[in-house]
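Report on one structure; see the data block that follows.
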Amino acid sequence: MSQRYFQPEIETMPREQIRALQSERIIEQVQHVYRNVKFYRDKMDAAGVKPEDIKSIDDLHLLPFIEKDDLRDQYPFGLLGVPKSEVVRIQSTSGTTGRRVVAFYTQDDISVWDHCCARALVAAGATNEDVIHVCYGYGLFTGGPGLNGGSHLLGSMTLPMSSGNTERQLQFMQDLGSTVLCCTPSYALNLAEEIEKRGILDNIHLKSGIFGAEPWTEEMRADIQNRLRIKAFDIYGLTEISGPGVSFECEEQNGMHIQEDYFAAEIINPDTGEVLPDGEVGELVFTCLTKKAFPLIRYRTRDLCKLTREKCACGRTHVRMNKPMGRSDDMMVVKGVNVWPSQIEQVLLQLGYQANYRIVVDRENNRDSIEVQVEKTPAMAADETYDVVKAQGKIVAGLKNMLGIKVDVQVVEPMTIERSEGKAKRVIDRRNLYRS
Ligand code: DLL
């Protein structure tokens, strides 16, 4: 049966009630983390804040921030808020051990996440009569498991396709009559291209798609909608906060509703930490109001965007964020994987190169490419036994090991990469993904 909201009483809750619910939950959550996580206790003690100081959601700003580096320092169990016996799942971000974040979930935390994704699916027009084709990756990545859980909760037929194997994706899409597609926007375009090549669009019955995990523009949306004849919805999330579904687009396609009963959102000035009013661009910060196993409080996402509490024509009352407009750090999403230039540098230095390199990211035919150009050191240039092809192969393998994706590598002569007079500009990203 068609429905407008998955949980109307929550999704359309009057704003004062949302605030009241958030207040109730933050009080309990702060007591939980203070009692059960030494990291938070120490941080709050150092900041001179006691759990009793948090009397409502308006006091959120008194609490210290938590950052990616804290997560790294506390790896693996330092932020765990419950006994291990209560944990039923882990998920993890892509990247190396150095950058890896492991997030823990209790059964209730999984249920929160499933509800987030079920709401997103319903907002994209899905019902229990739909066939939900999930080709986000499964495994440690949150994309597959998240949408899978939401689809189960909704009671829809769920195809746990995972990523890759386009041939099989298209076969199942036709044979099983997939109606809702869940994948990265770049893979959606890739599928569109393959469908066109085969001339099978008339055998495909998709009506909508839920695309996220990487930045994409309004132009890409128009392209996907035209080529697949669907309505394309944005979905946002991050492993640290649960995964996809932290916010999602409704039929208005005008910003993503943040699930405020579960997550409190703030926008801050990334330089000063000051909280900014609605409408101003800054760094998005999330507080988990109910999650118990990995309860992040005032987590700095590094995603830049703005919030609006203006009424949405869909009837949902939860605050909306616009598409992320950039990052306040240098992370890129390439081929769906989070990549930091420092990881690439680490591999190059480990293999004996110096920090004279350049990273060129591009997108052609909806496929990301990433090339690293690195200079030989003078010693390598003078060494007659130095074999460029072999050397490149070694770097490719090292990067694959570090990032999990194929990177093209070119070793070039010393002094051929332009030197900068100020901050080195090592990354050239030709995709312009944050323009919208
Ligand atoms: O990408 C979770 C996810 C899976 C979201 C499937 C949506 C769909 P991470 O791998 O931890 O988690 O990467 C999180 O990806 O901080 C953003 O920078 C970026 N990102 C995620 N969704 C969007 C989006 C998943 N819709 C990081 N638009 C985030 C722009 C996005 N950037």
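Considering every residue within region 390-405, establish whether at least one is within 16 Å of the ligand (Cβ to nearest atom), outside the structural domain of T217 (by TED's automatic domain parsing) and of a type outside the set (A, V, I, L, M). Yes.
Among the residues of region 134-156, those identified as away from the ligand (no atom under 14 Å from the Cβ) and touching a helix residue (DSSP H, G or I) at 6+ places or on another chain (Cβ under 8 Å) are H152, L153, L154, S156.
Among the residues making up region 315-356, those that are away from the ligand (no atom under 16 Å from the Cβ) and outside any loop (DSSP other than H, G, I, E, B) are S342, I344, E345, Q346, V347, L348, L349, Q350.
Give the residues of region 96-147 that are surrounded by 19 or more Cβ atoms within 10 Å (Cβ to Cβ), of a type in the set (K, R) and either assigned to a loop (DSSP other than H, G, I, E, B) or at pLDDT below 95 (or both), sorted by residue number. Hit for region 96-147 is R99, nothing else. Go through (1) in contact (Cβ under 8 Å) with a residue 40 or more places away in the chain; (2) within 16 Å of the ligand (Cβ to nearest atom); (3) not in a helix (DSSP H, G or I) one by one and return the number of the condition Y187 breaks. All conditions pass for Y187, except number (3). Of A264, A232, all but one fail to be crowded, with 17+ Cβ neighbours inside 10 Å, more than 13 Å from the ligand (Cβ to nearest atom) and within 19 Å of the chain's Cα centre (by Cα); the exception is A264.
Checked against the criterion of being more than 29 Å from I110 (Cβ to Cβ), in the same structural domain as P76 (by TED's automatic domain parsing) and assigned to a loop (DSSP other than H, G, I, E, B), the candidates E384, E310 yield just one match: E310. On the given criteria, is S178 at pLDDT below 95, in the same structural domain as H133 (by TED's automatic domain parsing), farther than 21 Å from Q259 by Cα and among the small types (G, A, S)? Spelling it out, it is not the case that S178 is at pLDDT below 95, in the same structural domain as H133 (by TED's automatic domain parsing), farther than 21 Å from Q259 by Cα and among the small types (G, A, S). Step by step: first the residues of region 384-405, then only those that are of a type outside the set (G, A, S) and touching a residue at least 60 places away in the same chain (Cβ under 8 Å), then the one that is farthest from G326 (Cα to Cα). Which residue is that? Per the stated criteria, the residue is M402.
Scanning region 104-122 for residues that are over 25 Å from V37 (Cα atoms), of a type in the set (A, V, I, L, M) and more than 14 Å from the ligand (Cβ to nearest atom) yields A118, V122. Listed by first and then second residue, the pairs with beta-carbon distance under 8 Å, at least 6 apart or on different chains, first residue in region 198-221 and more than 16 Å from the ligand (Cβ to nearest atom), second part of a strand (DSSP E or B) and not small (G, A, S), are L206/H133; L206/V180; L206/L181; K207/V180; K207/K231. Answer yes or no as to whether E283 is assigned to a strand (DSSP E or B), at pLDDT 95 or above, more than 17 Å from R309 (Cβ to Cβ) and not small (G, A, S). It is true that E283 is assigned to a strand (DSSP E or B), at pLDDT 95 or above, more than 17 Å from R309 (Cβ to Cβ) and not small (G, A, S). For region 357-376, the set of residues classified as of a type outside the set (S, T, N, Q) and either part of a loop (DSSP other than H, G, I, E, B) or within 16 Å of the ligand (Cβ to nearest atom) (or both) consists of V361, R363, D368, K376, listed by residue number. From (1) part of a helix (DSSP H, G or I); (2) of a type outside the set (S, T, N, Q); (3) more than 22 Å from S163 (Cβ to Cβ), pick out the condition that doesn't hold for K400. Condition not satisfied by K400: (3). Restricting the first member to region 348-367 and to residues that are under 30 Å from T166 (Cα atoms), and the second to residues that are in a strand (DSSP E or B) and small (G, A, S), the beta-carbon pairs closer than 9 Å and six or more apart or on different chains are V360/S369; V361/S369; D362/S369; R363/S369.
The values are calculated or read from the model by the stated rules, or taken from the named source; none is laboratory data. Note that the coordinates shown come from a computational prediction; the quantities given were computed from them, not determined experimentally. Counting neighbours? That spans all protein chains shown, and the Cβs are built from the backbone with ideal geometry, glycine included.
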